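Inspection log for the structure reproduced underneath, given as C-alpha cells.
None of the figures in this text is laboratory data; all of them are computed from the coordinates on show. The model shown is predicted, which means the values in this text are computed figures rather than measured ones. We place every Cβ from the backbone using ideal geometry, glycine too, and count neighbours over all the protein chains shown.
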Amino acid sequence: MRRKLSGVILCFLLFCPINSAQKAQEYRTGHLRKIEDINFVLPPGESGTIHKVDCLFYIREGSDEYVARYNVTYFDRDKSKLLKPDTDVSYRISGKSMFVKTPNGNEIKARLCERSGVGLKCGNMTLLGKDTP
C-alpha cells in the first residue's frame, strides 16, 4: 500500500500541471501609434544578419510610451502586417521583450528599446536620432 501511494504521489508531481507555479499573463491595452520600417542594406564587405522585416513599434499607454524592435529573417513569417497603426492593441512586457497580440490572437515578440542620449538602443543596435518618437 505504501509503495502504491508513493508511486501515485510521484506520478502526480511529475505529470500534473501545478497552477500555482504558472504566472498569469497580464495584457494591457495601448495605442499603436505607428510602425516604422528601419530595414537598411549593409555596405559591401560588412557581415550581419539580413532581415526580411525590421521595424519599430511605437505603443503609448497613458503617459508611458514604449518602442520595440521587431525583425524577421527570410526563413520566418512576417506577422507585423496583421497590425494596423493608429489602433488599440493588447500587449504585455516580460523582461526585455514586448509581446503584442494580433487581431487573430497570436503574439508578436519584439525587443524593447531604451532611450539613450544619442538615440534608441535596441539590443546590440543603436539607432541614431531616434530618441523621440
Low-density loop chymotrypsin sites (Phe, Trp or Tyr not before Pro), the stretch 56-133, at most 12 other Cβ within 10 Å, DSSP non-H/G/I/E/B, are Tyr74, Phe75
Between Arg33 and residues 5 or more places away or on another chain, which pairs have amide H atoms under 5 Å apart, with H built 1.01 Å from N, and which residues are they?
Tyr58, Ile59, Arg60, Asp86
Assertion target for Ser90, Ser97, Ser80, ordered by fewest C-beta neighbours within 10 angstrom first, is Ser97, Ser90, Ser80
So who's got an amide H within less than 5 Å of the one on Cys113, skipping anything under 5 residues away but keeping other chains? H placed 1.01 Å off N, in plane.
Val67, Ala68, Arg69
Which of the aspartates and glutamates could a cross-linker bridge to Lys79, judged by Cα under 20 Å and excluding same-chain residues fewer than eight apart?
Glu36, Asp37, Asp54, Asp88, Glu107
Environment charge of Arg28, counting only residues whose C-beta is closer than 9 Å and scoring Lys/Arg +1, Asp/Glu -1:
-1
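For the stretch 58-106, which trypsin sites (Lys or Arg not before Pro) are in a loop by DSSP, counting at most 16 other Cβ atoms within 10 Å?
Here the sparse-neighbourhood loop sites are Arg77, Lys96.
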Fewest-first ordering of Glu26, Glu61, Glu107 by Cβ atoms within 10 Å yields Glu26, Glu61, Glu107
Given the Cα-Cα distance of Glu61 and Lys34 and 0.36 nm per residue of separation, how much length would full extension add, in nm?
8.4 nm
Non-local residues with an amide H under 5 Å from the amide H of Tyr27, with H modelled 1.01 Å from N and Pro and chain starts lacking one, are none
Output wanted: per-residue J couplings in Hz (rounded whole) for the stretch 59-75, from phi through Karplus 6.51 cos²θ - 1.76 cosθ + 1.60, θ = phi - 60°, x for Gly and Pro.
10, 10, 10, x, 8, 8, 10, 10, 10, 9, 9, 10, 9, 9, 7, 5, 9
